[in-house]
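The values are calculated or read from the model by the stated rules, or taken from the named source; none is laboratory data. Computed from a prediction, not measured in an experiment: that's the story for all the values here. Positions of Cβ are backbone-derived with ideal geometry, glycine not excepted, and every protein chain shown enters the neighbour counts. Just so you know, the surface numbers come from the protein's heavy atoms only, side chains and all, with ligands and any DNA or RNA stripped out. Shrake-Rupley method; radii C 1.70, N 1.55, O 1.52, S 1.80 Å.
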Amino acid sequence: MQDSQTIIEKIWNNHLVQSTDGGSDLLYIDLHLVHEVTSPQAFESMTLSGRKVRRPELTIATVDHNVPTVGRDQPWEDPLSVQQVETLRQNCKEFGIPLFDVDDSRQGIVHVIGPEQGLTQPGLTIVCGDSHTSTHGALGALAFGIGTSEVEHVLATQTLPQTRQKTMAVEVNGELLPGVGAKDVILNIINMIGVGGGVGYIIEYQGEVIRDLSMAGRMTVCNMTIEAGARAGLIAPDDVTFSFLEGRPYVPKGSDWEKSLDDWRALTTDPGAHFDQTFSLKGEDIEPCVTWGTNPAQSVPVSGSIPDPMDATTTAERDQIQRSLTYMDLLPGTAIEDIALDRIFIGSCTNSRIEDLRDAAQVVQGKTVSKNIRAMVVPGSGLVKNQAEEEGLDRIFTDAGFEWRDAGCSMCLGMNPDILFPGERCASTSNRNFEGRQGPGGRTHLVSPPMAAAAALAGHFVDIRTLS
């Protein structure tokens, strides 16, 4: 083994149980996060085979995808949602797994509550039956989404077969200009390498801009790693990480905390370590972004316009642009700021943390949502909701005309009552904009929380940098 290693290789090797001749490694899993959508089949198979959960104390469950964000104390509209949540309750009771249920203030989006509770820690391997598990890499963990059969494998064995991935470094140096945030950083990265550029890779994000991001910003960047096709993404832990973690419920205390710090500080990429591929960009070149198409790579600065398919260099690219424009009902050359909107969604595992809500509230304070807009804010957890209410953010939003909701995945995906109607156009702080993601026929534009808030006031996209 080479002397110099990346942080990716260090964590992988520290969790290697066995390697096979076929190239698959068996990894030990430190933390398994479970929710109501991808777990029922796995638990059913465990029951049928008579297996027990190998390490129930290393599994934490919550409800997030299906739960309504209003009227939880009333009968739920969707019988499937009721069934999935009730099934998770029964499974957690049967197998001895802790559950953050709807009446628990700790309930929330699985990728918000993990870091919030201090379950997510540097150097851990973390899995969940959800693609955006890469979020947890912001704290220096190796975290990736898994399928239903893999969920069962982890429940039964606390291990998981994985093919060793190639490594990629993405450096963002310099500094961000006013009005530019983490969401714009990751949208620029995806635009640069493409939605398939990370396939077969785990990405380490490096550079001055990444180091200057808050933990919430780092989670936004790592969350959308999967949108570039990568298996996982992470950021080496530093003082920002340690300050964020100290004192959280599941984090070591006293002398154990000091020992953990010593271990975590060693989780860096060694000088001279090899990456299979490297990309770089300058923070000063990044502008506030808006996606115009049906994948996160199809974005332009808010000051720009809709591209012309005829400018594409290949027939395949031209056809892809045209298909996206047809679905999104947009014409080439249209200025981004001329695109009128119907809905605004501030939430999701990408941008529903207290920092995101503060940023959006600062934009809307003392102002009013455009009369043609329906706007909602959905906190990422019950604790985020409580904190926002203590700070008065809920009143800022409701006074401006926003709907203030309970915690959940909400309009990020069309799997609960919070969906777009066919043809509605939404500025969303979520992570995916493919056809029908927020509801059949819905049209999604991905933006940062301040950009979404500003669009709510104007009824169309505006350059956040022009606001006083």
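Quick notes
- Among residues of segment 433-447 that are closer than 8 Å to Leu420 by Cα, those with a beta-carbon under 6 Å from a residue that is among the polar types (S, T, N, Q) and open to solvent by less than 30 Å² (accessible area, probe 1.4 Å) at least six positions away or on a different chain give the pairs Gln438/Thr444.
- Residue pairs meeting the criteria (Cβ under 7 Å; at least 6 apart or on separate chains; first modelled with pLDDT of 95 or more, in segment 42-53; second surrounded by 14 or more Cβ atoms within 10 Å (Cβ to Cβ) and in a loop (DSSP other than H, G, I, E, B)): Val53/Ile97
- Residue in segment 218-230 that is surrounded by fewer than 19 Cβ atoms within 10 Å (Cβ to Cβ) and modelled with pLDDT of 95 or more present: yes
- Between Glu86, Glu152, Glu94, the distinction of being open to solvent by 20 Å² or more (accessible area, probe 1.4 Å), outside any loop (DSSP other than H, G, I, E, B) and touching a residue at least 60 places away in the same chain (Cβ under 8 Å) belongs to Glu152 only.
- Filtered residue count, segment 319-359, keeping only those that are within 21 Å of Leu420 (Cα to Cα), aliphatic (A, V, I, L, M) and in contact (Cβ under 8 Å) with a residue 60 or more places away in the chain: 7
- Scanning segment 150-194 for residues that are within 24 Å of Ile346 (Cβ to Cβ) and within 19 Å of the chain's Cα centre (by Cα) turns up Val180, Gly181, Ala182, Lys183, Asp184, Val185, Ile186, Leu187, Asn188, Ile189, Ile190, Asn191.
- Test result for Met192, crowded, with 24+ Cβ neighbours inside 10 Å and farther than 23 Å from Arg55 by Cα: no
- In segment 113-141, the residues that are hydrophobic (A, V, I, L, M, F, W, C), in a loop (DSSP other than H, G, I, E, B) and surrounded by 24 or more Cβ atoms within 10 Å (Cβ to Cβ): Ala141
- Those residues of segment 280-323 which are part of a loop (DSSP other than H, G, I, E, B), over 23 Å from Ala182 (Cα atoms) and open to solvent by 30 Å² or more (accessible area, probe 1.4 Å), in sequence order: Pro307, Asp308, Thr313, Thr314
- Scanning segment 256-279 for residues that are part of a strand (DSSP E or B) and in contact with an Asp or Glu (Cβ under 9 Å, 6 or more places away or on another chain) returns Thr278, Phe279.
Let's see how each residue does on (1) more than 23 Å from Glu44 (Cβ to Cβ); (2) of a type in the set (Val, Ile, Thr); (3) in contact with a Gly (Cβ under 8 Å, 6 or more places away or on another chain); (4) in contact (Cβ under 8 Å) with a residue 12 or more places away in the chain:
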{"residue": "Gln74", "(1), (2), (3), (4)": "yes, no, no, no"}
{"residue": "Ser81", "(1), (2), (3), (4)": "no, no, no, yes"}
{"residue": "Pro122", "(1), (2), (3), (4)": "yes, no, yes, yes"}
{"residue": "Ile126", "(1), (2), (3), (4)": "yes, yes, yes, yes"}
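- Residue within segment 55-64 that is assigned to a loop (DSSP other than H, G, I, E, B), within 25 Å of Ser348 (Cβ to Cβ) and either touching a residue at least 24 places away in the same chain (Cβ under 8 Å) or among the hydroxyl-bearing types (Ser, Thr, Tyr) (or both) present: yes
- Hey, Ser428 among the polar types (S, T, N, Q), open to solvent by less than 50 Å² (accessible area, probe 1.4 Å), at pLDDT 95 or above and more than 30 Å from Glu116 (Cα to Cα) or not: no
- For segment 448-468, the candidate set comprises residues that are of a type in the set (A, V, I, L, M, F, W, C) and open to solvent by less than 10 Å² (accessible area, probe 1.4 Å); within that set, the residue that is farthest from Asn372 (Cα to Cα) is Met451.
- Look at segment 18-31: where a residue is small (Gly, Ala, Ser) and a partner is open to solvent by 40 Å² or more (accessible area, probe 1.4 Å) and at pLDDT 80 or above, sitting 6+ places away or on another chain with Cβ atoms under 8 Å, you get Ser19/Leu26; Gly23/Thr163; Gly23/Arg164; Ser24/Pro161; Ser24/Thr163.
- The set of residues from segment 15-44 being in a helix (DSSP H, G or I) and buried (at least 17 other Cβ atoms within 10 Å of the Cβ) comprises Pro40, Ala42, Phe43.
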